[in-house]
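The values are calculated or read from the model by the stated rules, or taken from the named source; none is laboratory data. Small disclaimer: the values here were computed from a predicted structure and weren't measured. Glycine also receives a Cβ, built like all others from the backbone with ideal geometry; neighbour counts cover every protein chain displayed. Surface accessibility is based on the protein's heavy atoms, side chains included, excluding ligands, DNA and RNA. Shrake-Rupley method; radii C 1.70, N 1.55, O 1.52, S 1.80 Å.
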Amino acid sequence: MDTDLSLAGLATGLRERSFSSVELTAALLAQIAERNPQLNAFITVTADEALQQAAAADAALAGGASSALCGIPLAYKDIFCTRGVRTTCGSRMLEEFIAPYDATATARLAAAGAVMLGKTNMDEFAMGSSNENSHFGAVANPWDDTRVPGGSSGGSACAVAAGLAPAALGTDTGGSIRQPAAFCGVSGLKPTYGRVSRYGMVAFASSLDQAGVFARSAADIATVLPHMAGFDPLDSTSSEHEDPWLDACTTQPLGTARSGRIGLPKQYFRDLGVTEASLQSACRVLEASGFELVDVSLPHVDAAIPCYYIIAGAEASTNLSRYDGVRFGHRCDNPQSLEDLYRRSRSEGFGAEVKRRILTGTYALSVGYYDAYYLKAQKIRRLIQQDFLAAFADVDLIIAPTTPDIAFKRGDLVDDPVAMYQQDIYTIPASLAGLPAMSIPCGTHRGLPLGLQLIGPHFAEKRLLETAASFQQQTDWHQQRPGQNPQAADSGSET
Amino acid sequence: MADIDIQHLANLAQLELSQQEISVVGEDLQRIMIMVDQMQAIDTSNVEPLAHPLDARQRLRPDQITETIERDLYQQGAPATADGLYLVPRVVE
Amino acid sequence: MSWESVIGLEVHVQLATNSKIFSGAPTAFGAEPNTQACVVDLGLPGVLPVLNEEAVRMAVKFGLAIGAEIHPYSVFDRKNYFYPDLPKGYQISQFEQPIVGRGSLTVHVEGCEPQQVGITRAHLEEDAGKSIHDAYAGLTGIDLNRTGTPLLEVVSEPDLRTAAEAAAYFRQLHSLVRYLKICDGNLAEGSMRCDANVSVRRVGDPELGVRAEIKNINSFRFVEMAITYEIERQIELLESGGTVARDTRLYDAERNETRSMRSKELSNDYRYFPDPDLLPIELDQSFIDAVAADLPELPEAKLKRYVAQLELSDYDAAWLTQDPEVAEFFEAVFAQAGNAKLAANWVMGELSAALNKAELSIAESPVPAATLGELLQRIADGTVSGKIAKGLFDTLWQSGGDVDTIIASEGLQQVTDSGEIQAMVDEIVAANPDQVAQFLSGKDKVFGFFVGQVMKASKGKANPAQVNELLRAALKK
């Protein structure tokens, strides 16, 4: 059967009994079984549970269930707690951790009838831009398996790109959805901070973490988002912002935007490097669609990376203190004392990048450095947010590259954390400002995908998705699949 | 920039690092902090720190018992328990 | 040259909410280990805190009661340190921006003028779990039931100068939180725990001495004893040429001494920073006003009212207002009896003695306040004598019942019929010629013998004043 359909297509097929959810799920599980050994996109495949859920969904569909997600198989980044199924967060620390409760986001999707295929690979505790920091091994980029899929949600991006799942959940702290979406040639949305509950999502940096969706198109993302988003009383930072559009999304197809002012930050556009050709062509597509392109300025974005690494490191350093070998998670053998228990359990359980970030964050918060680093970073965060708010007084959206380059080769940046951190140069500013942002395929370079990033004001997901949908009506970059004549695709095409 | 006392940070963070790790991490942290020090060039006087991207206030929860407690389930994955207690090496006070 | 001690207390008050400060788990004391700790309290991966409204309301209530500024904007911080009873590796507390600012409390030490003790601040935080050290060889057991119980940490100024003052302050705080109904005040269960910062200096020295912190004292008596010991220890040390080390100490009640806690000696860098899982608390004036409207009469105001309006002595008023349940009981007795002094005497005397003997709290009194009030009413209106009333109180204590019914059925009414009393007097005088002779020879004490005999003959019911009068007249004949 053809599993490479849009979510709308799959939902129609299910409703019209062209195929059952069990058939669809089994077909995807078969592909996962075949491809995962090479791609390593999944840490855990929940085949039995998936087939049970699919059978339940088939019964619900026969009973007239109306949810567009009923019976649709999804993959979840292994950062979402799923009751009864292990949740590793890519870490040895949680290698055997079986959560006794469900994350709000995945519980809501389950309630809508979605089927969980399994838990996808990721950089340990979501710290990384290449998925090389997973205790469960690196993930291959389906376009070129010597290259990284991006990170930290690399497994989810890879699964969607390789056709192992029609859509997948990821989380984005500084670019962890958008950057792997760009590297793998899929669409990825990081919603507004507070839009999706963080309850049950293993915390990396609390003031930045946000769950989002990977799919093959903006329309598919709009199908999943309303079923996981919305206020959650279990998360103090969950927004009570009401959005009738989101509810409408569950029953109506996504519209397309045809007008509006799009800002081009001059700090980015003066030197686009290898993304130049695809970004310029994307601009032409948008202009032809009726958008007006104007220059905007984000004067403080150069400081975004240091600001981010201080804030994320500080928050992470204490969020990860709970992994102490006492109540759950890895414990060292034969601890001789309490200190020995703490130190060996944590040193054995955490990988090098996690330790590096814990130490960076500990340093930034320690006596004598707090003002110079943490407080300074929070003030710069304010300036960066003000830059965006000022720009949005003039424009409806901002566009930028998602990444500075195509996916890099595995191993190229592992010894240089600072160079690795620079990969997130375009994605971090929106994270700091809490803005919704997405990446959509907009071209290729040397046969590998590149992403166009759309950044909107708080809670402007509708505008982002409808603009992306408009772009995807005009282009077919999002329909290209890995393995289809990669070099020839570079010239790109407008339909 | 002054040398960063990695051992002190490791003590605060309860991490055990070998001599080799200390020197590698020390170099990494030096490089990271050099990168971070770009921040110092920006004038932030009269700027309010931003702790949360949305300027919201804390919501208050009604004082109700809403949790059911499944101790045995929670302790299934615990490294060491007895009589419902979590066990650790003896703590001297 | 003499020494002066400088003492400040940090008191942790467990707030009497139904659920935890950041989770919906119950807060009951004494449950099976780890059966009151939910996934949030255990600090499992992915869990998040949500603030309990009642904890905030209680903190505001306390702040208003001590005349403190309520900060409309306050922030929760993380205090980072590793300890097995602290599941997340940090305690959620308030560091730079607490909810309650500067206030004060009036403290009464016997024989001294009432004293205003400054309160620097009070802030909300979560309690930690408990470590059980003795049950397993070489191991410590961790019970996280207490984890996340709301605490209000009340920090005093270093205004206290003696151990007695410190104990009185702790006692007054205990009284206040019970009046406010924000804490059950059960010291034995750790509902209020006190850390004392103690230093000494030469009288007149403007500089403070090096202080030691005594941790976790949980009774009024131990506060006084621990501080007394610590002051003496420091003075002895300084007088013998030594210096006081800044350290954290534990009070050992069995040995009556404080000793250094080695485990706390590591210089801690708590790396406080705003908890990113929680947003700032912003209080509307309407919220604060609603709490203010709900404040009960506070102990200090009540004490003053008892003295001014009820004309009770300072001592009685202080005694009766210390515990809100006692004050409530007293007021109910008084409302029925109509005589404040009589009500005070009985609550402080007969009732209190009986309760002590039976080890009951006043709320558990077998004689309800209204019943005691009725009894006192019958004394006041002359129906029964004080002596008969004591017997009647015993009956009520033992087997309950209605005051007037028992008086009627047992014939306990006071005999006020002069003829009846006169007859008894005459009989007694005639039967005891020796004693009459003694009395007439000047032995006044023998008069008591006659009173006793008449009362005995009347089964205690004769009106004592009349007995006196008629006896004097009969003996003078």
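What the table below lists for this structure:
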{"item": "Gained length - C:LYS181 relative to C:GLU311, 0.36 nm times residue gap less alpha-carbon distance", "result": "44.1 nm"}
{"item": "Residue-level accessible surface for C:GLU311, protein heavy atoms, 1.4 Å, Å²", "result": "150 Å²"}
{"item": "Accessible surface buried once A binds C (1.4 Å probe; total of both sides; Å²)", "result": "2800 Å²"}
{"item": "Most to least accessible of C:LEU310, A:LEU74 (protein chains only, probe 1.4 Å)", "result": "C:LEU310, A:LEU74"}
{"item": "Stokes-Einstein D for segment C:36-85, Kirkwood Rh over Cα pairs, 4 °C, 1.567 mPa s (µm²/s)", "result": "94 µm²/s"}
{"item": "Dipole of the protein assembly as shown [Lys/Arg +1, Asp/Glu -1 at C-beta], most positive-end residue of C:ASN18, A:GLN267, A:ALA468", "result": "C:ASN18"}
{"item": "Segment A:72-230 - share of DSSP beta bridges that are antiparallel (%, nearest 5)", "result": "65 percent"}
{"item": "Peptide C:130-142, shielding by other chains (average Cβ, 10 Å cutoff)", "result": "5"}
{"item": "20 Å reach of a label modelled at A:THR251, 7 Å along Cα-to-Cβ, counting backbone N of segment A:1-19", "result": "A:8-9, A:11-12, A:15-16"}
{"item": "Label-point gap, in nm, between B:GLN7 and C:LEU295 - each point 7 angstrom along Cα→Cβ", "result": "5.5 nm"}
{"item": "Accessible heavy-atom area order of C:GLU300, C:GLU427, highest first, probe of 1.4 Å", "result": "C:GLU427, C:GLU300"}
{"item": "Exercise: per-residue mean of other protein chain Cβ atoms within 10 Å, C:22-28", "result": "4"}
{"item": "Theoretical ellipticity at 222 nm over chain A - DSSP helices of four or more residues, -39500 (n - 2.57) apiece, nearest 500", "result": "-11500 deg cm²/dmol"}
{"item": "Cα-centre dipole for the protein assembly as shown with unit charges at Cβ (Lys and Arg positive, Asp and Glu negative), debye to 20", "result": "260 debye"}
{"item": "Protection-proxy order for peptides C:88-99, A:59-70, A:105-116, A:208-219, each taking the mean of Cβ atoms within 10 Å per residue, highest first", "result": "A:208-219, A:105-116, C:88-99, A:59-70"}
{"item": "Cβ neighbours within 10 Å from other chains - mean over A:327-340", "result": "5"}
{"item": "Residues of segment A:428-447 with amide N under 19 Å of a point placed 7 Å along Cα→Cβ from A:LYS409", "result": "A:445-447"}
{"item": "Calculated FRET efficiency for the pair A:SER66/A:ASP476, C-beta based, R₀ 41 Å, to 0.05", "result": "0.85"}
{"item": "Relative contact order, percent, chain A [alpha-carbon distance under 8 Å, six or more residues apart]", "result": "17 percent"}
{"item": "Chain C: angle of helix C:418-431 to the longest principal axis, Cα-based, in degrees nearest 10", "result": "80 degrees"}
{"item": "For the protein assembly as shown: accessible area per residue (Å², 1.4 Å)", "result": "38 Å²"}
{"item": "Segment A:104-112 - phi-based ³J(HN,Hα) in whole Hz, Karplus 6.51/-1.76/1.60, Gly and Pro as x", "result": "4, 4, 6, 5, 5, 5, 4, 5, 7"}
{"item": "Degrees separating the helix C:446-457 axis from the principal Cα axis of chain C, which is the longest one", "result": "90 degrees"}
{"item": "Calculated Rg and Dmax of segment A:158-288 using C-alpha coordinates, Å", "result": "16.3, 46"}
{"item": "For segment B:42-93 versus segment C:285-322, the gap between their alpha-carbon centres in whole angstrom", "result": "39 Å"}
{"item": "Accessible area buried between chains A and B, both sides summed, probe 1.4 Å, in Å² to nearest 100", "result": "5200 Å²"}
{"item": "Threshold 10 Å² - residues in segment A:386-421 whose accessible area is reduced by that much or more when the chain is no longer isolated, probe 1.4 Å", "result": "A:ASP415, A:ASP416, A:PRO417, A:VAL418, A:TYR421"}
{"item": "Computed Kirkwood radius, in angstrom, where 1/r is averaged over Cα pairs of segment C:9-128", "result": "16.1 Å"}
{"item": "Separation between Cα centres of segment A:391-412 and segment A:299-327, rounded to whole Å", "result": "22 Å"}
{"item": "Debye intensity ratio I(q)/I(0), log10, segment A:52-169, q values 0.11, 0.13, 0.14 Å⁻¹ (C-alpha model)", "result": "-0.38, -0.52, -0.59"}
{"item": "Enclosed volume per residue, in Å³, of the convex hull spanned by Cα atoms of segment C:3-267", "result": "149 Å³"}
{"item": "Rg to Rh quotient for segment C:418-476, alpha carbon positions, Kirkwood Rh", "result": "0.93"}
{"item": "Per DSSP, loop trypsin sites (Lys or Arg not before Pro) in segment A:1-102 with at most 12 further Cβ within 10 Å", "result": "A:ARG17"}
{"item": "1.4 Å probe, heavy atoms, protein only - residues of segment C:272-315 losing at least 40 Å² accessible area vs chain alone", "result": "C:PHE273, C:PRO274, C:PRO276, C:ASP277, C:LEU279, C:GLU282"}
{"item": "Accessible carbon and sulfur surface of segment C:418-476 relative to its total accessible area, %, 1.4 Å", "result": "55 percent"}
{"item": "Descending principal axes extents, segment A:343-442, alpha-carbon based, whole Å", "result": "53, 39, 20"}
{"item": "Two-decimal Rg to Rh for the protein assembly as shown - Kirkwood Rh, Cα set", "result": "1.13"}
{"item": "Average projected area [Cα convex hull, chain A], square nanometres", "result": "21.8 nm²"}
{"item": "Segment C:298-409, accessible surface, carbon-and-sulfur percent (1.4 angstrom probe)", "result": "50 percent"}
{"item": "Cα-based Rg of segment A:301-384 normalised by 2.2 N^0.38 Å, two decimals", "result": "1.29"}
{"item": "For segment C:298-409, the spread of Cα positions along each principal axis, largest first, Å", "result": "44, 31, 18"}
{"item": "Accessible area in the full protein assembly, largest first, 1.4 Å probe, for C:ARG78, C:ARG221, C:ARG305", "result": "C:ARG221, C:ARG305, C:ARG78"}
{"item": "Threshold 20 Å² - residues in segment A:82-102 whose accessible area is reduced by that much or more when the chain is no longer isolated, probe 1.4 Å", "result": "A:ARG83, A:PHE97, A:PRO100, A:TYR101"}
{"item": "Flagged links, alpha-carbon separation over 18 Å, of C:LYS390/C:LYS459; A:LYS190/C:LYS88; C:LYS61/C:LYS130; A:LYS119/A:LYS462; A:LYS355/A:LYS379; C:LYS304/C:LYS341", "result": "A:LYS190/C:LYS88; C:LYS61/C:LYS130; A:LYS119/A:LYS462; A:LYS355/A:LYS379"}
{"item": "Dmax and Rg, reported as Rg then Dmax, of chain B (C-alpha, Å)", "result": "22.5, 58"}
{"item": "Nearest-ten-degree value, helix C:324-337 long axis tilted from longest Cα axis of chain C", "result": "30 degrees"}
{"item": "Apportionment of accessible area to carbon and sulfur, segment A:1-149, percent (1.4 Å)", "result": "50 percent"}
{"item": "Bins of 20 Å from zero: percent of alpha-carbon pairs in chain C", "result": "19, 41, 25, 13, 2"}
{"item": "Rounded to 5, the percent of DSSP beta bridges in chain A classed as antiparallel", "result": "70 percent"}
{"item": "Chain pair C, B: total accessible area buried, heavy atoms, 1.4 Å probe, Å²", "result": "3900 Å²"}
{"item": "Mean Cβ neighbour count within 10 Å, used as a protection proxy, ranking A:457-469, C:386-398, C:152-164 highest first", "result": "A:457-469, C:152-164, C:386-398"}
{"item": "Computed label-point distance, nm, for sites C:GLU359 and C:VAL203 using a 7 Å Cα→Cβ extension", "result": "4.5 nm"}
{"item": "Quarter of Cα convex hull surface for segment C:344-406, i.e. mean projection, nm²", "result": "3.9 nm²"}
{"item": "Calculated FRET efficiency for the pair C:ALA188/C:ASN468, C-beta based, R₀ 30 Å, to 0.05", "result": "0.05"}
{"item": "Volume of the Cα convex hull of segment B:1-40, divided per residue and given in Å³", "result": "67 Å³"}
